[in-house]
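Working notes, structure below.
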Amino acid sequence: MTPPITGEPNAMALSQLSRGKLPERLFEILKREILSGKWKDGERLPPIEQLASQVRVSRTVMREVLQKLSSIGLIEMRHGSGTYVKRLSASMLIGPMMDALSFEDNSTYELIEVGYHLEQVAARFAAARAKDGDIGFLTGIHESMSEAMRQGDLTAFAQHDFMFHFTLARIARNHILRTIIILIRKMMQHSLELPGVTDYVLEDHYRIVKAIEERNPDAAEKAMKFHMQHVLNNLKSSFEWEGEFPF
């Protein structure tokens, strides 16, 4: 049986809110109840008429609220079938936040600062948690990067570089860490198209792979730090940033 809406304010209080505030408040209540797990992944919500009746609002208001919940990925409205709760993922919650941050002043600089440290954590975790198959896959990506550089294919080189860091974050086996790193990488992917990037990436990546292969977290973290310092110096030069990074 589908649980009733129980969030505060109660139905009577909701009915007394101004028309302008009502959809917003009801949206917050339903969002909180979905996020709390009251409705499970894939569970079908009651019809609009029933939901509206529970909180004593019009179907128009309820439809507006459900459409807003659908726009942020919490529910799926299927024509002719009903409304269903969607499975939440870290990227669904973090992604919109990262998109908003990308428009703020100094966002590129600050993303680099965050990525600088998180990439080192990922390398340390990867060295401690990698399986034999992970090492082979990472080595294969490095070889593909080498081939792309020999052919002068910068687009392929950048794609393989992204996959290298994606795989490294996966090997770290921390879903939240992986999600944040990949989102930052996607936003910063254009940096690999800057002049001089290929000069150091292959050698840096080789050091990282060897440290992970040897299951040496300290060496992996050190190798990634060395690599990220190369990246920072290249970006700083290309964007003509003034000042120093505090690390």
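The values are calculated or read from the model by the stated rules, or taken from the named source; none is laboratory data. Just so you know, these numbers come straight off a predicted model, no measurement behind them. Here the Cβ positions follow ideal geometry from the backbone for every residue, glycine too, while neighbour counts run over all protein chains shown.
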Pairing a residue in the stretch 60-88 that is closer than 14 Å to F27 by Cβ and assigned by TED's automatic domain parsing to the domain that holds F27 with any residue that is part of a loop (DSSP other than H, G, I, E, B) and of a type in the set (F, W, Y), where Cβ atoms lie under 9 Å and the two sit 6 or more apart in sequence or on different chains, gives I75/W39
Of residues in the stretch 37-59 being within 17 Å of P23 (Cα to Cα) and in contact (Cβ under 8 Å) with a residue 40 or more places away in the chain, the one surrounded by the most Cβ atoms within 10 Å (Cβ to Cβ)
V55
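If you go through the stretch 88-99 one residue at a time, do you hit one that is at pLDDT 90 or above, under 24 Å from the mean Cα position of the chain (by Cα) and surrounded by 13 or more Cβ atoms within 10 Å (Cβ to Cβ)? Give the derivation first.
Applying the first criterion (at pLDDT 90 or above) to the stretch 88-99 yields none.
Within the stretch 88-99 (the criterion being at pLDDT 90 or above, under 24 Å from the mean Cα position of the chain (by Cα) and surrounded by 13 or more Cβ atoms within 10 Å (Cβ to Cβ)), the answer is no, since none of the residues qualifies.
Residues are listed down the side, and each one gets a yes or a no for (1) touching a helix residue (DSSP H, G or I) at 6+ places or on another chain (Cβ under 7 Å); (2) buried (at least 17 other Cβ atoms within 10 Å of the Cβ); (3) assigned by TED's automatic domain parsing to the domain that holds P217; (4) within 24 Å of E203 (Cβ to Cβ):
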{"site": "L111", "(1), (2), (3), (4)": "yes, yes, yes, no"}
{"site": "R124", "(1), (2), (3), (4)": "yes, yes, yes, yes"}
{"site": "G133", "(1), (2), (3), (4)": "no, no, yes, no"}
{"site": "E147", "(1), (2), (3), (4)": "no, no, yes, yes"}
{"site": "A158", "(1), (2), (3), (4)": "yes, yes, yes, yes"}
{"site": "H175", "(1), (2), (3), (4)": "yes, no, yes, no"}
{"site": "T179", "(1), (2), (3), (4)": "yes, yes, yes, no"}
Of the residues that make up the stretch 186-207, is at least one at pLDDT 95 or above, among the hydrophobic types (A, V, I, L, M, F, W, C), in the same structural domain as E119 (by TED's automatic domain parsing) and crowded, with 16+ Cβ neighbours inside 10 Å?
no
